[in-house]
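The values are calculated or read from the model by the stated rules, or taken from the named source; none is laboratory data. Not measured: the values here are computed from a predicted model. Neighbour counts are summed over all protein chains in view; Cβ atoms, including those assigned to glycine, are modelled from backbone coordinates with ideal geometry.
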Amino acid sequence: MRALILLAVTPLLALEYPRKPADPPPIGWPLTAEERAYVTGKAEHDRRPGRESNQHLPQLWPSVPTAGYFGGDAWLKLHEAHVETVRANKGPVDVLLVGDSITIQWGDSWKKNFPERKAVNIGIGGDKTQNVLWRLDHGGVEGLRPGTVVLMIGNNNMFFTPETGVAAAAKGVEMCVRNLREKFPEADLIVAKILPCHAPGNRFYEDILKTNAEIDRLNLGADPKVRVLDLTKDFLNADGTIRKELYTPDNIHLSPAGYAVYAERLRPLLQKR
C-alpha cells in the first residue's frame, strides 16, 4: 500500500527527451546515496548521451538532462542550496529566474531595479541547457507558483558548438522552454536570447548570433504564454562590437549598467502580468 501511495504522489513528466537520460533517476528528489555517488563520481563528459554505449551523440547533449560537475559534489551542493531556497519560498512568487552565472549575478541589481518583485533565483554559473533541465526535473522548482519565469541560458553551450552544432544548442533552449511550460502552465515565460560577448570574428560571438537565429526559427513566441526577448542590439555598438560599459572586464558577464539595460527591456514584459 505504501508503494502505491508513493507512486500516486510522485510527479510524472510527460515531456519526452530525445534520449533517456543517463543520470538516475530521470526525475525526482532527493537522490539516493547510490544516485548521488553516480552523478558526483563521474565527470559530466562521461555521463553524456551516447557515452554509455561508446557512441558519439553530441547533437543530443544540449537536450538531454545531465547533472553538472565541478569536481566532487561542488555542483550538486549548489543545486541543493537552490532546492532549500525553493522550499523556503513555496507557493506564489512574482518571478522565477532560471539560468547560469548571468542570472545568479542579478543580485543587488534585481533589488534595485525591481524592489517590488519577489524573485527566486536558481542560476548556477557554468550551467548549460542540459544542466538546467536536470535541475528542473530534480526538485529545482518543486512547490513554486511563479507568475512569470525568466529564462536565459545557452552561453556555456557555446563551448561545445564545434561538436554539437548551433542548431542543437538552440534545441536545448527550446527543451528548457517546454519543460518550464509543462511545470508552470499558468505562468508567463520570458525567454531572453543569448547575450553577445567577446568581439566580432570570435567563435563564441559568431556562434551566439547563429544560435539566436536558430532560436528565431523555432518560433517559441507562437505560444501565447511565451515572450522572446532579444537584447542583442541593446548590447552592441553600431559596428557590432559589444558596449564595454555594459560588461565586466571578461566581456561576458554584466556590469551594473548592463543589468540596468536588461531590466529596462524586461520591465514592460513583467508589467503585462
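Can you spot a residue in the range 141-164 that is farther than 25 Å from K225 by Cβ and not in a helix (DSSP H, G or I)?
First, pick out the residues of the range 141-164 that are farther than 25 Å from K225 by Cβ: 156, 158-164.
Checking which are not in a helix (DSSP H, G or I) leaves us with none.
Checked the range 141-164: no residue is farther than 25 Å from K225 by Cβ and not in a helix (DSSP H, G or I).
Let's see how each residue does on (1) among the polar types (S, T, N, Q); (2) touching a helix residue (DSSP H, G or I) at 6+ places or on another chain (Cβ under 6 Å); (3) at positive phi:
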residue	(1), (2), (3)
G172	no, yes, no
D188	no, no, no
H198	no, yes, yes
Y205	no, no, no
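Quick check on V191: is it in a helix (DSSP H, G or I), within 20 Å of P146 (Cβ to Cβ) and at pLDDT 95 or above?
Considered against the rule, which asks whether it is in a helix (DSSP H, G or I), within 20 Å of P146 (Cβ to Cβ) and at pLDDT 95 or above, V191 comes out as no.
Residues are listed down the side, and each one gets a yes or a no for (1) of a type outside the set (A, V, I, L, M); (2) out of contact with any Ser or Thr (no Cβ under 7 Å at 6 or more places or on another chain):
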residue	(1), (2)
T164	yes, yes
L180	no, yes
L189	no, yes
P196	yes, no
D223	yes, yes
G240	yes, yes
N251	yes, yes
Y259	yes, no
Y262	yes, yes
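Of all the residues that make up the range 103-152, how many are under 22 Å from A257 (Cα atoms) and charged (D, E, K, R)?
6
Across the range 55-75, what is the number of residues that are small (G, A, S), touching a residue at least 40 places away in the same chain (Cβ under 8 Å) and over 16 Å from G140 (Cα atoms)?
Going through the range 55-75 one residue at a time, the tally reaches 1.
Which condition from (1) crowded, with 18+ Cβ neighbours inside 10 Å; (2) closer than 28 Å to P49 by Cβ is the one that K210 breaks?
(1)
Within the bounds of the range 113-120, is there any residue that is more than 22 Å from P21 (Cα to Cα), in a strand (DSSP E or B) and in contact with a strand residue (DSSP E or B) (Cβ under 6 Å, 6 or more places away or on another chain)?
Yes, the range 113-120 contains a residue that is more than 22 Å from P21 (Cα to Cα), in a strand (DSSP E or B) and in contact with a strand residue (DSSP E or B) (Cβ under 6 Å, 6 or more places away or on another chain).
Just checking, which of R36, R87 is over 30 Å from A263 (Cβ atoms), at pLDDT 95 or above and not hydroxyl-bearing (S, T, Y)?
Selected residue: R36, the only one of R36, R87 that is over 30 Å from A263 (Cβ atoms), at pLDDT 95 or above and not hydroxyl-bearing (S, T, Y).
Quick one: how many residues across the range 49-81 are buried (at least 21 other Cβ atoms within 10 Å of the Cβ) and either part of a helix (DSSP H, G or I) or modelled with pLDDT under 95 (or both)?
Number of matching residues: 6.
Six or more apart or on different chains, Cβ under 8 Å: which pairs go from a residue in the range 76-97 that's under 20 Å from G125 (Cβ atoms) to one that's hydroxyl-bearing (S, T, Y) and in a helix (DSSP H, G or I)? Could you list them?
Qualifying pairs under 8 Å: L76/T40; L97/T103.
Table: residues versus (1) closer than 24 Å to P62 by Cβ; (2) at pLDDT 95 or above; (3) in a helix (DSSP H, G or I).
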| site | (1), (2), (3) |
| --- | --- |
| E214 | yes, yes, yes |
| G240 | no, yes, no |
| E245 | no, yes, yes |
| P249 | no, yes, no |
| I252 | yes, yes, no |
| A260 | no, yes, yes |
| R265 | no, yes, yes |
| P268 | no, yes, yes |
| R273 | no, no, no |
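What pairs can you find where one residue is in the range 31-54 and over 15 Å from G72 (Cβ atoms), the other is at pLDDT below 95 and of a type outside the set (G, A, S), and their Cβ atoms are less than 7 Å apart, with a gap of 6+ or different chains?
E35/P24; E35/P25; P49/R19; G50/H56
So G258 ticks every box in (1) in contact (Cβ under 8 Å) with a residue 40 or more places away in the chain; (2) crowded, with 17+ Cβ neighbours inside 10 Å; (3) among the small types (G, A, S) but one. Which box is left unticked?
Among (1) in contact (Cβ under 8 Å) with a residue 40 or more places away in the chain; (2) crowded, with 17+ Cβ neighbours inside 10 Å; (3) among the small types (G, A, S), G258 violates only (1).
When you scan the range 8-28, do you find a residue that is at pLDDT below 95 and in a helix (DSSP H, G or I), even just one?
yes
Report the residue count in the range 103-112 for those that are surrounded by 17 or more Cβ atoms within 10 Å (Cβ to Cβ), out of contact with any helix residue (DSSP H, G or I) (no Cβ under 7 Å at 6 or more places or on another chain) and either not aromatic (F, W, Y) or not in a helix (DSSP H, G or I) (or both).
Adding up the residues that qualify gives 3.
Scan the range 188-209 and tell me whether some residue there is farther than 18 Å from L236 by Cα, in contact (Cβ under 8 Å) with a residue 40 or more places away in the chain and more than 15 Å from the chain's Cα centre (by Cα).
yes
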